[in-house]
Every structure is written in structure tokens, then in C-alpha cells.
Amino acid sequence: MPPPRRGKGKGKGKGRPGRERGQRALFRRRKFCRFTAEKIEWIDYKDLDVLRDFINETGKIIPARITGTSAGYQRQLSTAIKRARFLALLPYTDLH
């Protein structure tokens, strides 16, 4: 096993932190769980206005790392979206 590398490389030790990203770092919005903030106990599959906010235009479920939804609510959300799709309340794709 070779020894660990030291010196030049792809390290983050160059300059100030956050400078590489430029202007994007300034406008980043803090992610928060919408369901925790509103103190919702359970996500209902019949509440289509809420479910549509978490589906992109092609019909895919937006991941929690993008929306900021907590893990428990993300599981409830995906189950509710799948139930609404099964009952034809929501489309599976954008072609319908």
C-alpha cells in the first residue's frame, strides 16, 4: 500500500472557502422542511396542490436533497405521490 499523498493536489486548502463557487454562494437559499414548519402530521395523497410542488415537469419526484424535506416526510411524500398516480389523480409522465 503506497503512503498517503501530500503536497499539490485537489485539496480545498487554496484561498478562502466558498470563493471557487463565485456568485452562486451568495444567493443560496436555506433549505427547510416545509412539513415540519407547518407541523403537518401526515401527508395526504388527496392533497394534490401540495404533491404537485414536489414533482418536476416530467413527472419525477424531486429528491429531498433539493427540496430540503426531512427523511420521514420524504418517505410519506413518495408514498402519497405513488398512491395519487395509481388512482389517476397525478400523471406518471408529462405525456399524459
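Before moving on, here are some points about what is shown:
- Enumeration of residues in region 39-69 that are under 25 Å from R28 (Cα atoms), surrounded by 15 or more Cβ atoms within 10 Å (Cβ to Cβ) and of a type in the set (S, T, Y): T67, T69
- Filtered residues of region 70-88 (kept if out of contact with any Pro (no Cβ under 9 Å at 6 or more places or on another chain) and closer than 21 Å to R28 by Cβ): S70
- Among the residues making up region 42-70, those that are hydrophobic (A, V, I, L, M, F, W, C), more than 17 Å from D94 (Cβ to Cβ) and in contact with a helix residue (DSSP H, G or I) (Cβ under 7 Å, 6 or more places away or on another chain) are W42, I43, A64.
- Filtered residues of region 56-96 (kept if under 16 Å from C33 (Cβ atoms) and in a loop (DSSP other than H, G, I, E, B)): I62, P63, G68, T69, S70
We did not get these values from a lab; they are worked out from the coordinates using the rules stated. Since we're looking at a predicted model, the values are computed, not measured. Virtual Cβ from ideal backbone geometry, glycine too; neighbours counted across all protein chains shown.
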